1. Select from segment 430-446 the residues that are open to solvent by 40 Å² or more (accessible area, probe 1.4 Å) and either among the aromatic types (Phe, Trp, Tyr) or outside any helix (DSSP H, G or I) (or both) and list them in ascending order.
2. With respect to TYR408, is the statement that it is farther than 24 Å from CYS208 by Cα and touching a Pro at 6+ places or on another chain (Cβ under 7 Å) true?
3. Confirm whether ARG11 is within 26 Å of PRO339 (Cα to Cα) and either touching a residue at least 60 places away in the same chain (Cβ under 8 Å) or in contact with a Phe, Trp or Tyr (Cβ under 9 Å, 6 or more places away or on another chain) (or both).
4. Keeping to segment 417-448, report how many residues are polar (S, T, N, Q) and farther than 15 Å from ASP399 by Cβ.
5. Would you mind finding the one in SER410, SER370, SER362 that is touching a Leu at 6+ places or on another chain (Cβ under 9 Å), in a loop (DSSP other than H, G, I, E, B) and among the polar types (S, T, N, Q)?
6. Only one of (1) touching a Pro at 6+ places or on another chain (Cβ under 9 Å); (2) at pLDDT below 90 is not met by VAL95, so which one is it?
7. Which of the numbered conditions does ALA373 fail, given that it passes all the others? Conditions: (1) in contact (Cβ under 8 Å) with a residue 60 or more places away in the chain; (2) more than 24 Å from VAL45 (Cα to Cα).
8. Between a first residue in segment 144-161 that is small (Gly, Ala, Ser) and a second residue that is open to solvent by 70 Å² or more (accessible area, probe 1.4 Å), which pairs have beta carbons less than 7 Å apart while being 6 or more apart in sequence or on different chains?
Amino acid sequence: MAEGNLEAPTRHPIAWRAPEYYDEGATFKEMERIFDICHGCRRCVSLCGAFPTLFDLVDEGTSGEVDAVEKKDYWKVVDQCYLCDLCYMTKCPYVPPHEWNVDFPHTMLRAKAIKFKQGGVDFGSRFLSSTDVHGQFAGIPIVTQAANAVNQTKPVRALMESTLHVDRNAWLPALATRKFRSAAPKSTEHPVQDGERSPGKVAVFATCYVNYNEPGIGLDLLKVLAHNEIPYLLVHKEKCCGMPKLELGDLDAVDESKRANIPVLVKYAQEGYAILSAVPSCTLMFKQEIPLMYPEDADVQAVKAAMWDPFEYFAARRRDGLLKTEFPQPLGKVSYQVPCHSRVQNIGRKTEELLKMVPGTSVHTNERCSGHAGTFGVKKPYHEVAMKIGKPLFKRMADHPDGGLPDYISSDCPLGGHHIDQGFDRNSLGAPRLEHPLSLLRIAYGLD
């Protein structure tokens with residue numbers, strides 16, 4: 001038997017529609033099998049809270065082995081997993097095609113799905129994951145301004161902590177006074193120039209966060225597309241990608257999102273558009289999780305093939321000789337974090353590649369989790385855990401190799417970027433400017 005894999009990790013389909021998928025006894029049996037392998041290896045101990053929780057349960061048990069851990073305590077491990085996938089993609093030597101077939105995150109997903117079916121997920125978590133619900137108030141000026149002001153007051157944050165379990169000290173995004181989808185300018189009618197590696201026209205999947213909270217990221221993406229004479233349009237209708245619901249184990253809600261999005265997106269895929277999403281978690285849903293839930297659905301697989309990370313797309317355009325590479329504005333020292341859900345896409349360091357092309361720019365790249373992980377990092381039981389997970393990253397980003405603080409801190413994950421920014425403040429590491437990589441690219445191009 002080989003000790004570990006020498007082959008690239010592969011993924012099995014998620015059998016979420018089979019009745020046995022929700023069999024708690026069978027799931028506990030599989031968790032015990034995997035936990036025993038993890039206990040004997042322990043390579044993942046530094047990644048998140050799930051593995052230290054598991055190993056403490058084992059070490060504090062009567063036998064020092066997994067068989068002494070009570071099954072009810074398995075849920076403590078499940079609750080610490082936020083499905084970043086890094087254990088699977090970067091650490092575990094026993095993932096498929098190894099015969100031990102260890103898939104820790106998708107086993108945790110199965111357990112989360114059972115917990116959700118059993119009514120074990122609180123209202124606050126369900127509400128936080130309903131991005132289309134609370135996002136509907138964005139773009140209404142008086143309502144938005146009032147909500148943003150009230151949500152930052154101590155009494156309201158205390159109320160949110162007691163009712164929604166949102167930690168009163170966690171950073172929360174504001175609602176945009178104007179949604180990205182309504183603010184986005186129409187594309188100039190540039191001719192379509194397909195490259196060997198890249199389609200010459202783009203359909204933008206706005207994402208809930210960019211549309212409702214930080215439209216500037218989307219507008220900067222459009223400015224970069226326009227500067228490079230790439231015609232674009234916004235996907236004419238969209239629903240949340242489903243990642244927040246996946247993290248809860250609400251697979252029926254993921255199915256609802258899939259049934260709303262895929263029929264719309266597949267038309268763009270069939271018409272030869274590159275579909276771009278500026279939030280790595282959203283991109284990953286269409287590249288990995290939804291295709292694994294629907295392996296036989298040809299439309300899902302067509303959308304998967306057409307879905308791009310923005311910097312993956314721009315790097316391909318550069319290789320095709322179709323990207324402008326004159327950058328008049330230097331960026332100075334940049335400390336950049338590669339988000340977990342970017343790493344899992346297996347596209348390489350495409351953001352770093354583009355930013356390093358800017359003259360007068362020194363990019364310090366960090367491949368470590370920020371700890372935010374969707375809604376995990378704002379919840380009362382986990383916010384301080386999230387800050388602890390991110391602390392080594394915060395310190396590394398604050399110490400730029402060229403000396404001192406960076407001029408910019410940046411992450412492709414907008415929520416992760418703000419979590420890092422809060423980590424700088426909480427740890428008194430200084431106050432460099434936070435900008436999304438797409439905004440940095442827009443600045444480097446000298447665009448207003």
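1. If the condition is that a residue be open to solvent by 40 Å² or more (accessible area, probe 1.4 Å) and either among the aromatic types (Phe, Trp, Tyr) or outside any helix (DSSP H, G or I) (or both), then ALA431, ARG433, LEU434, GLY446 are the ones that fit.
2. yes
3. When the stated conditions are applied, ARG11 passes them.
4. From segment 417-448, those polar (S, T, N, Q) are 422, 427-428, 439; that's our starting set.
Those left that are additionally farther than 15 Å from ASP399 by Cβ: 422, 439.
Result for segment 417-448: 2.
5. When all the criteria are applied, what remains is SER370.
6. Among (1) touching a Pro at 6+ places or on another chain (Cβ under 9 Å); (2) at pLDDT below 90, VAL95 violates only (2).
7. (2)
8. Matching pairs, first to second residue: ALA147/PHE137; ALA158/ARG168.
The values are calculated or read from the model by the stated rules, or taken from the named source; none is laboratory data. The structure presented is a predicted model; accordingly, all values stated were derived computationally and were not measured. No Cβ is skipped: glycine too gets one built from the backbone with ideal geometry, and neighbour counts run over all protein chains shown. Protein only, heavy atoms only, side chains kept; ligands, DNA and RNA dropped before computing areas. Shrake-Rupley method; radii C 1.70, N 1.55, O 1.52, S 1.80 Å.
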